[in-house]
Amino acid sequence: MAHSSVPSTEPTAIEKVIAFIDERVGLKQMQAKMLNEPVPGGSRWAYVFGSVLLFIFIMQALTGILLMFYYVPTADHAYASTQYIIHDVDYGWFLLSYHFWGSTAMVVCVFAHMSQVFLWGAYKKPREMIWLVGLALFGIVMGFGFTGYLLPWDQRAYWATTVGVEIMDKTPVLGDFMARFLKGGPTPGQMTLSRFFVIHVMILPAALMGLAGLHLFLFRAAGPAGPFRGTQEEIKAKTDYFFPRQIWKDIVGMAVVFASICALAFWEPVVLLEEATPDPGDYHPEPEWYFLFLFQLLRLKIFAGEFGQFLGAIALPGAFMALLAALPFIDRDPERNIFRRPIALIGWIVVMVSILLFTVSAIINREFLD
Amino acid sequence: MTMQPQLKSKVRCADREIGEVTKVVVDPLSHEISHIVVSMNGSGERQVAMAMVQAVREGTVELRGAASDIAALPPFKREDYVTTHEVEIAHLEEKVHVTPGEVLVPFPELEKSVKRRTFFMNFTHAIGFLIGLPIAFPILRYLMKPMYQPFDNGWLKIGNVGKIKQDDIGVQFKYKKKVKEAYMPESEIEKNVWILKATPAVLEKVYQGKDMEFRDATGKAVWTNKKEVPYVAFSGKCPHLGCGYKWRAHKVLGQVFLCPCHLSIYDASGKVLDGPAPRPLDALPIKVSSTGEVEIIDMEFKAGTKSQIRII
């Protein structure tokens, strides 16, 4: 950093403006602090997911706001206004499809981000709170997916919501209240659409922004975990700052994700089914692909009956999330190397393989239904 | 913890004093001071490793070796470093104590006489709570407005049983139902029920020898399906999780009601043959006129429960 360089010419107008702001808020120091964050062991491609998620969220907010210029959240106009966006508004199909595939990209990156933190042992002391806030953010992302799905008000939307809310209804004691509260009545209708709309465009974005800010603050307060292998000297020798190498990798990651979402939006644009109505016709209801494993799980005989359903739909996912939340407090061994944490490694593989198996069997099952 | 070298401390070598500490260098990983920077009484600055420090005292730092050894070190390169204000290393600044003494700011005059700070803090919380409390209930009631609605016991004409050609076969009757939700204009939604012309054996399985009573929210009976009437109407909603099921051929079980969502399978009488459903299909109140016109009460029951719980 050159501190002694003396400007040889008069400062330009832009430099004056920057100097004006800097004098009042300490802009340059703030920027330096943001960029000069040591990345222990050096930048890596594995670290891009957090930044990529932030990028995806910003794009979802942008495309989401644009969709609201035409979308009308009423039972008699939601479907027509969405069709209008797709068929009549210039590039409406693209922005809507980008928003749709963006949500898929978000889920994929959340899985990658969480897996990476888990495998790197980065949830351990002193980073427990980052992990907990991260889990809350995971819940918010799932909530975005669930509420956003209803808004086009087509058959897919209607049935995913019907089944999803029925599942919530199985929560002991509070279930009935929660389901009615969300639906705004005994069955899905205008009140459900209004509620899901408000949750999707106001409550969840506000919650996500707040918690993502907290997540970043906690991350900066604890510092990056760095690699799980290597001595202090080796790590120190490879350490660089967030800028430029990690930011470079992050921006490449963002560009790849952006290009992928655009490609998907282009080749697989969103097509609506028939308008929502309580008669499914020939449509076989199915949730979005990232909920397929849960959907398939509920087909199992062991989750049959009232109690079985509670077990499969509420107790099992609930226990899994509780386990994830308790993880940093149960697993107190400071060892972070995944190859020396056999239970963690096997656990991760088992979870991933079962999700994969259940998803694949749900897809195979489709054939037998037609 | 041993004392950290203080800024402005005099630096003394074995033979003589050589200058004072102007800067310290901190290791970003261990957060320990790794070097001190000594201004050599006007002849530049030298960076001296902590290994060369013999002792740190109040106001002085003593080095091993002679003054000439220190002077022989290369000059300190400021451009190789950033200040702790320009870098974000967690908890770095709180571990560095190189400024002698404490830096203080005076309390404002008005604050000096305030005795009950805790009381004021608690009082602030109490007032905040008193603001929140009276709006909590209105907000809850506001949001709960549409949640519970009276049941609709009106009869709906849905078609003619003339289209049923065979006994014990599920036949779908689609119908439109007018709904009026709050401020919304009246609209029509499409629904369906499955109607069966049952043989006595199947009828026996449905009714198990008893007439079937249907009740209002208050428990008042609104209709009774007589066990001799051969027409049975099943609600189109799967009692597992509320999808729409179909009448179709199954490789092993023959003609059955099958739900494509979670693969619940029911026989013609609505009994669960396979899959996760917790109870049989829901029979609805049905009236068939002498001309074959069918009317039903479009009840809905909560899915996923063992017992029938009516919701509309």
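Coordinate-derived values only; no laboratory data. Keep in mind that what you see is a predicted model, and the values were worked out from it rather than measured. So basically every Cβ, Gly included, is an ideal-geometry build from the backbone, and we count neighbours across all protein chains shown.
Full extension of the chain between A:Met352 and A:Glu306 yields a length gain of 13.8 nm, computed as 0.36 nm times the residue separation minus the alpha carbon distance. Which shape class applies to region B:207-312: rounded if a/c is under 1.5, otherwise prolate when a/b exceeds b/c and oblate if not, where a ≥ b ≥ c are the square roots of the Cα gyration tensor eigenvalues? Oblate, since a/c reaches 1.5 and b/c is not below a/b. I'd like the distance between the alpha-carbon centres of region A:105-173 and region B:201-216, rounded to an integer number of Å. Here the answer is 44 Å between Cα centres.
Under the rule a/c < 1.5 gives rounded, and otherwise a/b versus b/c splits prolate from oblate, where does the protein assembly as shown land using the Cα gyration tensor? It is prolate, given that a/c is not under 1.5 and a/b is the larger ratio. From a point 7 Å beyond the Cα of B:Asp216 in the direction of its Cβ, which residues of region B:121-155 have a backbone N at a distance under 19 Å? Counting only backbone N, you get B:148-155. Along region B:19-26 the Karplus relation, 6.51 cos²θ - 1.76 cosθ + 1.60 evaluated at θ = phi - 60°, assigns HN-Hα couplings of x, 9, 6, 9, 8, 10, 10, 10 Hz to successive residues, with x for each Gly and Pro. Helix A:316-330 and the longest principal axis of the Cα set of chain A meet at an angle near 20°. With semi-axes defined as the square roots of five times the eigenvalues of the C-alpha gyration tensor, the equivalent ellipsoid of chain A measures 40, 29, 18 Å, largest first. Assuming a ≥ b ≥ c are the square roots of the Cα gyration tensor eigenvalues, decide whether region A:19-144 counts as rounded (a/c under 1.5), prolate (otherwise, with a/b larger than b/c) or oblate. Verdict is oblate for region A:19-144. For region A:164-312, averaging the sequence separation of C-alpha pairs within contact (under 8 Å, six or more residues apart) and dividing by the residue count gives a relative contact order of 12 percent.
Full extension of the chain segment joining B:Glu204 with B:Thr22 gains 55.6 nm, where the gain is 0.36 nm per residue of separation less the Cα-Cα distance.
When chain A is treated as a Gaussian network with alpha carbon springs shorter than 10 Å, the biggest mean-square fluctuation among A:Thr82, A:Thr63, A:Thr277 belongs to A:Thr277. Working from label points 7 Å from Cα in the Cα-to-Cβ sense, the B:Lys10 to B:Thr60 distance is 0.6 nm.
For chain B, what is the relative contact order in percent, using Cα pairs closer than 8 Å and at least 6 residues apart in sequence? Answer for chain B is 12 percent.
Couplings for region A:10-18, taken from phi via the Karplus curve 6.51 cos²θ - 1.76 cosθ + 1.60 with θ = phi - 60°, read 4, x, 6, 4, 5, 4, 5, 4, 4 Hz in order; Gly and Pro are left as x.
Within 10 Å of the Cβ of each residue in A:303-311, the mean number of Cβ atoms contributed by other protein chains is 5. Each of the peptides B:162-171, B:276-285, B:16-25 was scored by the mean count of other Cβ atoms within 10 Å over its residues; in descending order, highest first, they stand as B:276-285, B:16-25, B:162-171. Projecting label points 7 angstrom from Cα along Cα→Cβ for B:Lys180 and A:Ala112 puts them 5.4 nm apart. Mind checking the angle between helix A:49-67 and chain A's longest principal axis? C-alpha axes, 0 to 90 degrees, to the nearest 10. Long axis of A:49-67 versus the principal axis of chain A: about 60 degrees. Once you list every other residue whose beta carbon is under 14 Å from the beta carbon of A:Leu345, what net charge do they have if Lys and Arg are +1 and Asp and Glu are -1? My count for the surroundings of A:Leu345 gives 0.
Across region A:285-370, Cα-Cα pairs farther apart than 18 Å form 56% of the total. Over region A:116-188, one equal point on each Cα, no solvent: what is log10 I(q)/I(0) by the Debye formula at q = 0.12, 0.14 Å⁻¹? Each listed q maps to, in turn, -0.49, -0.61. With a 10 Å cut-off between alpha carbons and a GNM built on chain A, which of A:Ile167, A:Ile302, A:Ile338 moves the most? Of A:Ile167, A:Ile302, A:Ile338, the Gaussian network model singles out A:Ile302 as fluctuating most. For region A:211-257, the ratio of Cα radius of gyration to the globular rule of thumb 2.2 N^0.38 Å stands at 1.40. Can you tell me the 0 to 90 degree angle between the C-alpha axis of helix A:247-267 and the longest principal axis of chain A, rounded to 10? Roughly 30 degrees between the two axes.
Region A:181-207 and region B:252-271 have Cα centres separated by 33 Å.
Neighbouring Cβ atoms from other chains, within 10 Å of the Cβ of residues in B:142-148, number 5 on average. Rounded to the nearest 20 debye, the dipole magnitude of the protein assembly as shown is 1500 debye, with +1 charges on Lys and Arg beta carbons, -1 on Asp and Glu beta carbons, and the Cα centre as origin.
Report the calculated FRET efficiency for B:Glu86 and A:Arg340 (r = Cβ-Cβ distance, R0 = 35 Å), to the nearest 0.05. My answer for the efficiency is 0.40.
Taking every alpha-carbon pair in region A:248-320 and binning the separations at 10 Å intervals from zero gives 15, 25, 25, 25, 9, 0 percent. When only Cα pairs below 8 angstrom with a gap of at least 6 residues are kept, region A:97-241 shows a relative contact order of 27 percent.
Among the cysteines of chain B, B:Cys13 have no other cysteine beta carbon within less than 4.7 Å of their own.
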